[in-house]
Amino acid sequence: MARTLITVPSSARRGEIIEVRVLIQHPMETGYRRSSEGSILPRNLLRRYTARFVAADAGGAGELVFAADLHAAIAANPYLSFNYRATTTGKFVFAWEGDEGFSHREETVLRVV
Amino acid sequence: MTNYLLTLVLALVLALWSLHTSAQDPRRSSFDAMSPATQALQRDDSQNPAMLWVKEGEALWSRAPVSGTKSCADCHGGLSRMRGVATRYPAYDTSSSRVLNLGARINLCRTNHQGQPAWRTEDSARLSVEAAIALQSRGLPITPPAHPALKAAQQRGATLFASRIGQVDLSCADCHTTLAGKRLGGAKLPQAHPTGYPIYRLEWQSLGSLNRRLRSCLSAVRADASSFSDEEFVAIEAYLMQRANGMPLETPGVRP
Amino acid sequence: MKRRAFLLVSTLTIAAMHACRVSAAPSRAPLSPTLEKLVQQFAAGRPVTEGRVKFDIAPLVDNGNSVPIEVSVESPMTPADHVVAIAVFNEKNPQNDVAVFTLSPAMGRARVATRMRLAISQQLVAVAKMHDGQCFTHTVDVLVTLASCLED
């Protein structure tokens, strides 16, 4: 299972713009590199990241806040940082998808005071 | 009163002396010569990719490898109990009568206390646990223990450090003592203090051990990794830690 | 590359174990044909103007394997006026796409940061697409003195 490191404040004031940072363990293998034995390492990329926010009183799949389509030029162990304007208490749902059936999901609660 | 004064004067003298020595200490971590962008990676845990491995290590610490066996935490308690441990390795281990680095010491517990096969040096699990343990000592000074067997290893390491190797016929000391601080091609030669291991090296795009770093240096001088036996590699590690005695540990370090 | 060739090349550049130095200077220069085509495709016929976008890339980086980038756009990020997407293209990596980001007014700020790979000196462009389809760009010329990345 992939490791992730998510840095989001657990609470924020209404209207405050917070920073979201996510880091995930993934080789982002380009398909151009060779192993030390000389064979080509097969392409294995993380393709898409999405961040949704599900308001506590609304439920459902929530709204799409931010998404990223990633390509081979993104560094290994992809890092993304973006912002979010806190409006209501709820949870972030972060999802990563990639080659070889890679799929990972994380949730984190944001309390708005 | 005189006692109090004496203490005060002593404290002052000590403070001045330590200031003086730190100003005089010519030893530098490679961190100092890194670009601001790479320094930022190490400084900020939320950006440091090595923290992904640390998180893995924390999980492994409290998980039994197979049911019926004990987890590291079952015997050792919380990871914070490992504070200071990484500053002392390599160290002499009485049970195996050998000088072991931290990774090998971890493996000893894994084989003897958990009945599991030893992890390979660059096994991601071993690096993860090692990083999680060493993080507990971040900021603490490197303090190699005093032991005759460790001392012998340090001396052996010092000799190897000064010996010329490889087709290029350079010693570690040529690059890391004589030429340290100078540029060799594009790279600035560091003093080679092993303050941040295991490190996340941008070149590797992953976490790696001090042993792997040393093998990279060997391949740079067109020497084979088999130029040194396992014991010799550990001896060099022991010498490098002695050479860095008193410098603060930075694990998990980031290096270009 | 075979081991022997690898050795040969690395012997020549032994000095430079892994210094991939990157430095950037803002550029008013016209886009390279490759980038121009990618920008036009992304803009889908809407006007493309230079400005409003800031493409930040560290002037000096030790290693092309991980170069921090940040793109920010002047925008109120309200439902009525916001950035819908930002694309980053490079000229000479084996593939021209770096990333395409989808933005929403919920973000409050039009800013995104990530880390990319840079194999050689080249031009990079960030294109922001507004809610009305208009596009804005910022181009940077990046100098990569790739000295090796040859060891194991």
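The values are calculated or read from the model by the stated rules, or taken from the named source; none is laboratory data. No experiment lies behind these values; they were computed from the predicted model shown. All Cβ positions, glycine included, derive from the backbone under ideal geometry; neighbour counts span all protein chains shown. Only protein heavy atoms, including side chains, enter the accessible area calculation; ligands, DNA and RNA are left aside. Shrake-Rupley method; radii C 1.70, N 1.55, O 1.52, S 1.80 Å.
Scanning segment A:74-94 for residues that are under 17 Å from C:Thr114 (Cβ atoms) and either in a strand (DSSP E or B) or touching an Asp or Glu at 6+ places or on another chain (Cβ under 6 Å) (or both) gives A:Ile74, A:Tyr79, A:Leu80, A:Ser81, A:Phe82, A:Asn83, A:Tyr84, A:Phe94. A:Gly38 fails exactly one of the following numbered conditions: (1) free of Cβ contacts under 8 Å to residues at least 12 places away in the same chain; (2) assigned to a strand (DSSP E or B). What is the number of that condition? All conditions are met except number (2).
Can you spot a residue in segment C:27-34 that is assigned to a helix (DSSP H, G or I) and either at pLDDT 95 or above or farther than 17 Å from C:His131 by Cβ (or both)?
Looking for residues that are assigned to a helix (DSSP H, G or I) and either at pLDDT 95 or above or farther than 17 Å from C:His131 by Cβ (or both), one finds at least one in segment C:27-34, hence yes.
Going by what's in this entry, would A:Ser35 be described as open to solvent by 60 Å² or more (accessible area, probe 1.4 Å) and more than 7 Å from every other protein chain (Cβ to nearest Cβ)? Considered against the rule, which asks whether it is open to solvent by 60 Å² or more (accessible area, probe 1.4 Å) and more than 7 Å from every other protein chain (Cβ to nearest Cβ), A:Ser35 comes out as no. Taken as a whole, the structure leaves C:Ser75 outside the set of residues that are part of a loop (DSSP other than H, G, I, E, B), farther than 19 Å from A:Leu70 by Cβ and modelled with pLDDT under 95. Applying the condition of being more than 9 Å from every other protein chain (Cβ to nearest Cβ) and outside any loop (DSSP other than H, G, I, E, B) to segment A:1-18 and asking which residue is surrounded by the fewest Cβ atoms within 10 Å (Cβ to Cβ) yields A:Ser11. The number of residues in segment A:80-91 being within 10 Å of the chain's Cα centre (by Cα) and either farther than 23 Å from B:Leu202 by Cβ or surrounded by 22 or more Cβ atoms within 10 Å (Cβ to Cβ) (or both) comes to 1. Every test in (1) touching a Lys or Arg at 6+ places or on another chain (Cβ under 9 Å); (2) in contact (Cβ under 8 Å) with a residue 40 or more places away in the chain; (3) surrounded by fewer than 16 Cβ atoms within 10 Å (Cβ to Cβ) is passed by B:Ser227 save one, and that test is (1). Go through the residues of segment A:54-67 one by one and say whether even a single one is touching a Phe, Trp or Tyr at 6+ places or on another chain (Cβ under 8 Å), crowded, with 22+ Cβ neighbours inside 10 Å and more than 8 Å from chain C (Cβ to nearest Cβ). Looking through segment A:54-67, none of the residues is touching a Phe, Trp or Tyr at 6+ places or on another chain (Cβ under 8 Å), crowded, with 22+ Cβ neighbours inside 10 Å and more than 8 Å from chain C (Cβ to nearest Cβ). Counting only residues that are open to solvent by less than 20 Å² (accessible area, probe 1.4 Å), closer than 20 Å to A:Ala72 by Cβ and of a type in the set (S, T, N, Q), segment C:51-108 holds 4 of them. The set of residues from segment B:155-210 being of a type in the set (Val, Ile, Thr), more than 30 Å from C:Arg117 (Cα to Cα) and buried (at least 17 other Cβ atoms within 10 Å of the Cβ) comprises just one member, B:Ile165.
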